[in-house]
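Student: Questions regarding the structure given below will be posed in turn.
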Amino acid sequence: MDHDLPPSRQTPSLPLPDAFPARCAGGRRVPVLLPYPFPGPFDYAVPAHLDPRPGDIVLVPLNRREEIGVVWDAPPDDAVPAHKLKPIVGIIDSVPMTASLRRFIDWMAAYTLSPPGEVLAMALRVLSTRETQVLTYRRTQPPPEGARLTPPRRRVLEVLDRHEPLASPDLVAKAGVSTSVLRGMADAGLLVAEHAAAGSPFPCPDPDRAGPALSRQQEAAAAILRGAVARRDFSVTLLDGVTGSGKTEVYLEAVAECLHTGRQALVMLPEIALSSQWIERFQRRFGVAPAVWHSDLGSRVRRITRKAVAEGTAPVVVGARSALFLPFPDLGLIVVDEEHEAAFKQQDGVIYHARDMAIVRARLSPCPAVLVSATPSLETVANVEAGRYAHLRLDSRHGGASMPTVRLVDLRETPPERGKFLAPPLIAAVRETLARGEQAMLFLNRRGYAPLTLCRACGHRMQCPNCSAWLVEHRIRHQLLCHHCGHTIPIPPECPACHVRDSLTPIGPGIERITEEAADLFPEARRLIMASDTITGPHAAAAAAHAIENRDVDLIIGTQLVAKGWHFPHLTFVGVVDADLGLAGGELRASERTVQLLHQVAGRAGRAEAPGLVMLQTFIPEHPVMQALLQGDLDAFMASEADSRRDGEWPPYGRLAALIVSADTAIQADTLARDLGRVAPHGDGITALGPAPAPMSLLRGRHRRRLLLKVRRDVAVQPVLRQWLASVPVPRGCRIEVDVDPISFL
Ligand code: ADP
Ligand code: ZN
């Protein structure tokens with residue numbers, strides 16, 4: 001976040017070309033918030049023919065350009081004399097931004113210490129001054145036979161595989177082709193071209209279609225959620241229950257009630273691009289698909305969706321973090337599914353936690369919020385215990401499916417063969433599973449072939465030039481790749497340090513390497529890799545899910561992507577290759593997150609009649625995390641985790657905020673970090689830690705240092721931060737990012 005900002009409430013300075021009617025002088029003025037990191041709104045003059053109201057979306061001059069802004073609420077001030085104000089050009093959008101969304105933006109800006117315009121930018125990202133009629137394209141299904149596939153045509157199909165449909169300009173940009181390629185493909189029957197439909201593209205889901213008959217406990221929980229929706233008031237409820245207990249079915253009842261009340265519902269998922277199964281399920285329940293919102297949508301679809309949301313004709317939206325900024329006129333329910341997921345935290349730009357902001361949005365609407373998880377975060381559990389959130393719990397898996405049996409494989413006692421990573425008990429279990437005609441899954445939360453490449457001759461390690469990180473070998477792509485900045489090099493034939501040929505050796509496993517091992521061990525098994533490299537979007541995700549459901553796959557090998565909400569009825573064995581992986585860094589939430597992740601992965605096994613088995617390969621079977629997973633007793637684990645955090649006043653029993661200093665040079669970073677450290681706040685219940693080099697002390701070529709502010713729960717962290725930041729000027733080339741409630745400490 002940039003703290004070097006111009007003073008507030010003046011029309012920005014560059015003189016504008018001539019002709020501003022003098023008749024504006026002495027007339028009305030309104031504050032307009034612009035989607036840029038200014039500290040607040042600027043005043044603009046109101047020409048006689050316009051009557052802008054708060055929330056109106058307007059076009060205003062800014063530095064010789066015209067920009068979109070929103071008429072804000074602050075009373076205009078007289079700091080700038082009227083004759084110096086520039087006038088509003090026009091009011092452009094028929095649907096004004098609601099007061100509750102404006103308050104949400106203000107609140108969020110204040111909480112995250114971001115300029116309000118930067119938060120506004122997230123809500124305006126989809127608007128455009130021109131609405132033109134554009135064609136959208138989708139692929140012909142099934143693809144016609146015999147059509148010629150040139151490389152440009154193939155690129156178009158690949159892009160559509162990730163996002164579909166796409167407006168012509170988006171497709172042209174993403175595929176790097178000309179519009180004539182698209183027309184040619186449409187003529188050849190490869191693509192279907194459509195004009196965007198008039199009216200709302202989102203038919204109303206039918207809440208009266210019969211859902212499944214709920215169990216007594218499910219029905220009781222559903223009734224309570226329906227009641228909360230019917231009250232049309234703010235409340236927060238944690239819906240908690242083991243994986244496969246029917247939480248989704250239950251909260252869909254709350255969505256149905258919301259449809260009955262005529263209000264809109266927002267369901268937030270951590271990884272919407274991968275939620276094909278969820279959307280299909282929604283469709284089975286309500287007859288039509290919901291509106292979908294995520295950052296990979298093409299601009300045309302975004303505009304149509306945003307408009308439908310604003311006009312109230314998109315009754316249900318399922319979306320990622322950014323869906324929080326949609327202009328719902330009458331939000332009646334927010335569901336945050338998998339509320340414990342770290343993916344809800346946005347780490348760049350405005351740093352915020354979408355789960356927490358969802359609750360703020362619900363409070364301002366006002367409407368109920370429902371947090372859903374089989375492994376709730378300690379934050380949410382603490383809020384339940386403090387009586388701030390209600391708590392509903394489903395105790396058992398639906399339809400008598402039992403929870404999977406968990407076994408620990410002690411790698412010290414039964415190690416894998418030299419140079420291999422799968423231990424004998426795990427191999428035997430996969431064999432037995434496959435022999436029974438059931439599906440097995442191997443889980444390793446690491447992409448690529450090997451996390452480290454080392455020279456056997458001189459010990460040189462292949463490192464990213466821009467980041468404090470090893471380059472990860474991706475053998476399928478013949479590349480070494482930095483997972484932080486995307487830097488790639490071809491796998492070198494010799495060591496760049498000592499120039500010995502063929503001396504570079506992969507160290508440790510990634511899922512590509514596990515796949516190779518599995519191919520040797522289980523050659524007949526049909527394998528599917530599920531990682532962000534192979535599952536690049538909703539279509540690939542849907543195809544993978546269908547292949548698994550149809551039993552076209554025997555062995556799934558995946559990263560954390562496989563942990564998220566999938567329902568695979570024929571999957572009965574899950575093998576975790578390295579259960580210790582997440583514990584290595586020793587971060588505040590390492591244990592909590594490892595338990596959550598591994599429990600979710602384990603929860604993919606045995607969701608139907610056949611019982612599930614889970615094996616965790618570990619070097620530390622006695623570790624409380626492994627014991628909690630073995631015994632399936634997460635409550636006890638979370639309770640002891642809570643105790644240790646409470647003792648040290650760590651979150652959620654204390655508050656944290658991180659300052660991340662970054663600069664072009666190490667000296668600059670050190671200097672600014674030390675300056676901040678020297679004037680660090682202290683006092684009753686306030687501690688500042690650092691500065692210290694960040695674990696990623698170099699990231700994308702920038703040098704990083706961290707400071708951490710730790711305050712007692714009853715101390716408001718924002719005023720302390722504001723004062724602290726105000727006391728240190730930020731030199732050119734330096735930045736200070738503020739991360740309130742950090743969950744990552746890299
Ligand atoms: P969770 O969200 O808790 O993981 P789900 O809602 O996905 O659980 O339910 C797991 C599976 O059981 C799904 O296939 C779901 O359709 C099915 N299911 C849950 N409750 C019922 C019910 N009352 N009747 C029929 N099927 C159910
Ligand atoms: Zn890098």
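Student: Just the residues that are assigned to a loop (DSSP other than H, G, I, E, B), of a type outside the set (A, V, I, L, M) and in contact with a helix residue (DSSP H, G or I) (Cβ under 7 Å, 6 or more places away or on another chain), please, taken from region 283-298. Give the derivation first.
Tutor: The initial filter retains those residues of region 283-298 that are assigned to a loop (DSSP other than H, G, I, E, B), namely 287-290, 294-298.
Next, from what is left, pick out any that are of a type outside the set (A, V, I, L, M): 287, 290, 294-296, 298.
Selection gives P290, H294, S295, D296, G298.
Student: Any idea how many residues of region 698-727 are within 16 Å of ligand 2 (Cβ to nearest atom) and either more than 20 Å from I743 (Cα to Cα) or touching a Lys or Arg at 6+ places or on another chain (Cβ under 9 Å) (or both)?
Tutor: Initially, region 698-727 is screened for residues within 16 Å of ligand 2 (Cβ to nearest atom), giving 698-704.
Next cut, either more than 20 Å from I743 (Cα to Cα) or touching a Lys or Arg at 6+ places or on another chain (Cβ under 9 Å) (or both) only: 698, 700-703.
Qualifying residue count, region 698-727: 5.
Student: Let me ask another. With on the phi < 0 side of the Ramachandran plot, of a type in the set (A, V, I, L, M) and in contact with a Cys (Cβ under 7 Å, 6 or more places away or on another chain) as the only criterion, which of A254, A265 stands out?
Tutor: When all the criteria are applied, what remains is A265.
Student: List the strands (runs of 3 or more DSSP E) that sit entirely inside region 430-482 and contain at least 2 residues that are surrounded by 23 or more Cβ atoms within 10 Å (Cβ to Cβ) and more than 16 Å from ligand 1 (Cβ to nearest atom). Talk me through it step by step, then tell me what you get.
Tutor: Numbers: elements: 439-443, 452-455, 472-474, 479-481.
Hits in region 430-482: 439-443, 472-474.
Student: Can you tell me which residue among A540, A518, A525 is at pLDDT below 95 and either within 18 Å of A273 (Cβ to Cβ) or among the hydrophobic types (A, V, I, L, M, F, W, C) (or both)? I'd like the intermediate steps shown before the answer.
Tutor: Details: A518 fails: at pLDDT below 95; A525 fails: at pLDDT below 95.
It is A540.
Student: Name, by its number, the condition in (1) farther than 24 Å from Q617 by Cα; (2) at pLDDT 95 or above; (3) within 16 Å of ligand 2 (Cβ to nearest atom) that does not hold for C498.
Tutor: (3)
Student: Does region 261-320 hold any residues that are under 16 Å from Y251 (Cβ atoms), hydroxyl-bearing (S, T, Y) and within 16 Å of ligand 1 (Cβ to nearest atom), and which are they?
Tutor: Selection gives S275 alone.
Student: As an exercise: evaluate E524 against (1) in contact with a Ser or Thr (Cβ under 9 Å, 6 or more places away or on another chain); (2) exposed (fewer than 15 other Cβ atoms within 10 Å of the Cβ) and give the number of the one condition it does not meet.
Tutor: The single condition E524 does not satisfy is (1).
Student: When you go through (1) at pLDDT 95 or above; (2) within 16 Å of ligand 2 (Cβ to nearest atom); (3) surrounded by 14 or more Cβ atoms within 10 Å (Cβ to Cβ); (4) part of a loop (DSSP other than H, G, I, E, B) one by one for P509, which number turns out not to apply?
Tutor: With (1) at pLDDT 95 or above; (2) within 16 Å of ligand 2 (Cβ to nearest atom); (3) surrounded by 14 or more Cβ atoms within 10 Å (Cβ to Cβ); (4) part of a loop (DSSP other than H, G, I, E, B) applied to P509, the lone miss is (2).
Student: Identify, from the list A680, A605, the residue that is closer than 22 Å to L426 by Cβ, part of a loop (DSSP other than H, G, I, E, B) and more than 16 Å from ligand 2 (Cβ to nearest atom). Spell out the reasoning first.
Tutor: Working: A680 fails: closer than 22 Å to L426 by Cβ.
That would be A605, the only listed residue that is closer than 22 Å to L426 by Cβ, part of a loop (DSSP other than H, G, I, E, B) and more than 16 Å from ligand 2 (Cβ to nearest atom).
Student: Is it the case that T515 is within 27 Å of P416 (Cα to Cα) and either part of a loop (DSSP other than H, G, I, E, B) or within 16 Å of ligand 2 (Cβ to nearest atom) (or both)?
Tutor: On the way: within 27 Å of P416 (Cα to Cα): yes; either part of a loop (DSSP other than H, G, I, E, B) or within 16 Å of ligand 2 (Cβ to nearest atom) (or both): no.
When the stated conditions are applied, T515 does not pass them.
Student: So, one more: Where residues in region 197-222 are of a type in the set (G, A, S) and farther than 21 Å from F282 by Cβ, which of them is surrounded by the most Cβ atoms within 10 Å (Cβ to Cβ)?
Tutor: So the first thing to find is which residues in region 197-222 are of a type in the set (G, A, S), and the list is 197-200, 210-211, 213, 215, 220-222.
Subset that is farther than 21 Å from F282 by Cβ: 198-199, 220.
Working: A198: 6, G199: 8, A220: 13.
Restricting to residues being of a type in the set (G, A, S) and farther than 21 Å from F282 by Cβ, the top hit is A220.
Student: Do we have G701 as touching a Cys at 6+ places or on another chain (Cβ under 8 Å), within 23 Å of P465 (Cα to Cα) and either without any contact (Cβ under 8 Å) to a residue 40 or more places away in the chain or surrounded by fewer than 19 Cβ atoms within 10 Å (Cβ to Cβ) (or both) here? Don't jump to the end; show me each part of the working.
Tutor: Values: touching a Cys at 6+ places or on another chain (Cβ under 8 Å): yes; within 23 Å of P465 (Cα to Cα): yes; either without any contact (Cβ under 8 Å) to a residue 40 or more places away in the chain or surrounded by fewer than 19 Cβ atoms within 10 Å (Cβ to Cβ) (or both): yes.
Yes; evaluated as a whole, the condition is true for this residue.
Student: Would you check which residues across region 525-544 are in contact (Cβ under 8 Å) with a residue 40 or more places away in the chain and either assigned to a helix (DSSP H, G or I) or not small (G, A, S) (or both) and list them? Spell out the reasoning first.
Tutor: Just the residues of region 525-544 that are in contact (Cβ under 8 Å) with a residue 40 or more places away in the chain, to begin with: 525, 531-533, 535-542.
The answer is D533, I535, T536, P538, H539, A540, A541, A542.
Student: Can you name the residue in region 708-746 that is charged (D, E, K, R) and more than 28 Å from the chain's Cα centre (by Cα) and, of all such residues, is surrounded by the most Cβ atoms within 10 Å (Cβ to Cβ)? Break it down into steps so the answer makes sense when it comes.
Tutor: Kept after step one, since they are charged (D, E, K, R), are these residues of region 708-746: 710, 712-714, 722, 732, 735, 737, 739, 741.
Subsequent filtering for residues that are more than 28 Å from the chain's Cα centre (by Cα) retains 712, 714, 732.
Numbers: R712: 14, D714: 8, R732: 8.
Across region 708-746, the extreme among qualifying residues is R712.
Student: Please specify each residue of region 586-620 satisfying the condition of being more than 14 Å from ligand 1 (Cβ to nearest atom) and at positive phi.
Tutor: Listed by number, the list holds a single entry, G586.
Student: With the checklist (1) surrounded by 21 or more Cβ atoms within 10 Å (Cβ to Cβ); (2) more than 30 Å from E473 (Cβ to Cβ); (3) of a type outside the set (F, W, Y) in hand, flag the one item L408 doesn't pass.
Tutor: Status for L408: all satisfied but (2).
Student: Please tell me if V715 is part of a loop (DSSP other than H, G, I, E, B) and either farther than 23 Å from N466 by Cβ or at pLDDT 95 or above (or both). Explain how you work it out, then say what you get.
Tutor: On the way: part of a loop (DSSP other than H, G, I, E, B): yes; either farther than 23 Å from N466 by Cβ or at pLDDT 95 or above (or both): yes.
Against the criterion (part of a loop (DSSP other than H, G, I, E, B) and either farther than 23 Å from N466 by Cβ or at pLDDT 95 or above (or both)), V715 qualifies.
Student: Further question on the same structure: Can you give me the number of residues within region 720-746 that are part of a loop (DSSP other than H, G, I, E, B) and on the phi < 0 side of the Ramachandran plot? Steps first, answer last, please.
Tutor: Filtering region 720-746 down to residues part of a loop (DSSP other than H, G, I, E, B) leaves 727-733, 741-746.
Next, only the ones that are on the phi < 0 side of the Ramachandran plot stay: 727-732, 742-746.
Matching residues across region 720-746 total 11.
Student: Looking at this structure, is A579 assigned to a loop (DSSP other than H, G, I, E, B) and of a type outside the set (D, E, K, R)?
Tutor: On the way: assigned to a loop (DSSP other than H, G, I, E, B): yes; of a type outside the set (D, E, K, R): yes.
Criteria met by A579.
The values are calculated or read from the model by the stated rules, or taken from the named source; none is laboratory data. Just so you know, these numbers come straight off a predicted model, no measurement behind them. In this analysis, Cβ positions are derived from the backbone assuming ideal geometry, glycine residues included, and neighbour counts consider all displayed protein chains.
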